[in-house]
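As structure tokens, the structure follows; a few thoughts come after it.
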Amino acid sequence: MDQKKKTLINFKKAKSLTEKIIKMVEEGDYCIDIMQQNLAVIGILRSAHQMLMENHLNTCFRHAVESKNEKNKKEMVEEILRLAKFYNK
């Protein structure tokens, strides 16, 4: 299975779990149970993010770095740095 399909599966799992969490909150389920499901969604989304990052670095970013376009290289590096900074907030 390719990376795109794996990433999409993770997003669909996160969506399904998020819908379950909403229902749990609406029904007044035990807080710890809700938080455990929430942590599961966070883990799935982190995994999807990692897959997206790896794919980007191995495709778009690699092509930019291998090109002779210095402006494009600089922009790509800046994008990655902005994203990393945002991710760590």
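Summary of computed values
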{"quantity": "In the chain, chymotrypsin sites (Phe, Trp or Tyr not before Pro) in a DSSP loop with at most 12 other beta-carbon atoms within 10 Å", "calculated": "Y30"}
{"quantity": "Cα-based radius of gyration of the chain once divided by 2.2 N^0.38 Å, which approximates compact folds", "calculated": "1.46"}
{"quantity": "Full-stretch length increase - F86, N72 - with 0.36 nm per residue and alpha-carbon distance subtracted", "calculated": "2.9 nm"}
{"quantity": "Where GluC sites (Glu not before Pro) fall in DSSP loop in the chain, at most 11 other Cβ within 10 Å", "calculated": "E27"}
{"quantity": "Bins of 5 Å from zero: percent of alpha-carbon pairs in region 38-82", "calculated": "5, 22, 22, 18, 11, 9, 7, 4, 1"}
{"quantity": "Residues K13, K6, sorted so that the one with the fewest Cβ neighbours within 10 Å comes first", "calculated": "K6, K13"}
{"quantity": "For the chain, with +1 on Lys and Arg beta carbons and -1 on Asp and Glu, the positive-most of A64, L83, A40 along the dipole", "calculated": "A64"}
{"quantity": "Region 3-87, dipole about Cα centre (Lys/Arg Cβ +1, Asp/Glu Cβ -1), debye to the nearest 20", "calculated": "460 debye"}
{"quantity": "Set of aspartates and glutamates near K73 by C-alpha distance (under 19 Å), chain-local residues within fewer than 8 positions excluded", "calculated": "E54"}
{"quantity": "Eligible lysines near K13 by straight Cα distance, threshold 18 Å, same-chain separation 8 or greater", "calculated": "K4, K5, K23"}
{"quantity": "Relative contact order [Cα under 8 Å, 6+ residues apart], the chain, whole percent", "calculated": "30 percent"}
{"quantity": "Residue-averaged 222 nm ellipticity for the chain, from DSSP H runs of 4+ at -39500 (n - 2.57), nearest 500", "calculated": "-28000 deg cm²/dmol"}
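The numbers here are math on the coordinates, done by the rules we state, and not lab data. These numbers were taken from a predicted model, which means no experiment stands behind them. Cβ atoms come from the backbone with ideal geometry, glycine included; neighbour counts cover every protein chain shown.
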